[in-house]
Structures are given as structure tokens and as C-alpha cells.
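Reviewing the structure listed below.
The values are calculated or read from the model by the stated rules, or taken from the named source; none is laboratory data. All of these numbers come straight from a predicted model, not from anything done at the bench. Protein only, heavy atoms only, side chains kept; ligands, DNA and RNA dropped before computing areas. Shrake-Rupley method; radii C 1.70, N 1.55, O 1.52, S 1.80 Å.
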Amino acid sequence: AKMLIYRDGSSMGTIGGGEMEARVLQEAAGALTNGHPRLVSYRLVDPAQGDPGVCGGDVQIFVEPYMPKPTLVIMGYGHVGRAVATIAGWLDFATIAVDDREALADTAPDSAPDTASDNSAPQTDSPTLITGGVPELAKAHNIGPDTSIVLVTRNVDVDYEILTALADTKPGYIGVMGSERRWVTTRDRLQAAGVSADFLAAIHAPIGVEIGAETPEEIAVSIMAEVLAVRRQAT
């Protein structure tokens, strides 16, 4: 028997219904959260002992999540943004780059190393480029738990505008580049504007894993390491 279970809890098909199927729905929700398959076993003998039925015998069910390609949204498409896009592409993220400066948003990512003589080098798609801000992003992409958002913008004012517009969304990850002082300034303005404490607490700032990064490429490695750690629930 097979059953297809969607993220919103709706389903197609059945594995028998009843309490057992209800428990499998919960297992499926967990698998969709962490991306890991699992094998669950039930006895169908004695509900008083916690069994999900009385039909007799044992049953094993393999729960396998089908995970769409994760999306990385890069807000700000300068040197660091383009480096992040390159590395995210190597990591098989669907990448969207957003910048309010039309001249930057129309440029391709920084050139990758020549791979003509290296068949092992990953081949990646170019990011989807959007000129504008969060309203334009929202028209092109629904932000959800499979979306990671990195802000690598030019100043506090831009960060404030973007985060205010994102305050009602629930991405799987959101991080902001900049110094501790820059983040404190941005956070104070957001608090004064009434942005919720829960949303602010979910923001990773300063962004990235501390590796002593200096160049745009090193900063991009730091950022993507943190994005992956959060996605894999390693932090």
C-alpha cells in the first residue's frame, strides 16, 4: 500500500486509515521537516498497550520525503552576493538574487574558475535576477520553510526596509551581514517599528560561521556553512 502526504497535511491514497494512518501522518510531518527517511513499525494487537489497532500482526512502513530543491534568496547583489550565488549553485540551491540597483541586478555572477579541463567541477545554473525588493520577490516566489534568505546589502537603511517587509514571513533561515554594531542599530530600529521579538530572535546576525573570513569568497563560504547547518538542524 502507498500513500502520498503533502506538507499541508492533505493526502492521496491510504495505508488503511485509523489510528495507524494518523501516526504515520505525524511521522511524515517529521520527515518533511528534517528531510530524513525513516522506517516505522507497529503491532496491531492491543490498544491498551499503545498499539494503533487490533487487527493482529505487525506492520512496517517506510516513510520517504521528497524534498524540492531548496531556495536561497540573496538580498543584495554586490561582490559578496555574487560569491554567495556561485557557492549556492554548487550546493544545488535554486538561487534568487534581488537588488534595487538595476545596474547590479542585471550583471552575471562573478566568473567561476575555468572548468574546461576539470570534469569534476560542478556545473551550476545562473541565479534568477530580480530588480527591486521584497514586493517584487513576493510576486516571483512564495517564502516558506524551504527558503533561506541572506541579506548582504550596502547599509542599515536597506536592511531595515527589507526586514520590515519580511516581518510576517517564516523562512527556514534568515541572516544579516554586518558588524555587531550595525546589527544592534538595525535591530533597535525594527523594535521601535513594532517588529515582533520572535522574528528578530530568528535572525542570524552577524551572518555566517566564524572562520576569519576576509574575501567575498571566504565570506560566502562562511554564510553557506551556516545556512547548511541550520537546514540540517546542526545548530
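Points to keep in mind about this one:
- Averaging Cα coordinates gives a centre for region 1-79 and one for region 164-187; these two points are 33 Å apart.
- Solvent-accessible area per residue for the chain (1.4 angstrom probe, square angstrom): 56 Å²
- In the chain, the portion of solvent-accessible area held by carbon and sulfur atoms comes to 51 percent [1.4 Å probe, whole percent, DNA, RNA and ligands not counted].
- In the complete set of protein chains, residue-level accessible area for MET3 is approximately 40 Å², probe 1.4 angstrom.
- For region 121-235, dividing the convex hull volume of the Cα atoms by the residue count gives 132 Å³ per residue.
- You can think of it this way: the chain between SER10 and MET67 has 18.9 nm of extra reach, that is 0.36 nm per residue less the Cα-Cα gap.
- Counting only alpha carbon atoms, the long axis of helix 156-166 and the longest principal axis of the chain meet at about 30°.
- With a 1.4 Å probe rolled over the protein heavy atoms of all chains, the accessible area of HIS36, HIS79 falls in the order HIS79, HIS36, largest first.
- Mean residue ellipticity at 222 nm, helices only, the chain: -11000 deg cm²/dmol; runs of at least 4 DSSP H residues each add -39,500 (n - 2.57), and the sum is divided by the number of residues.
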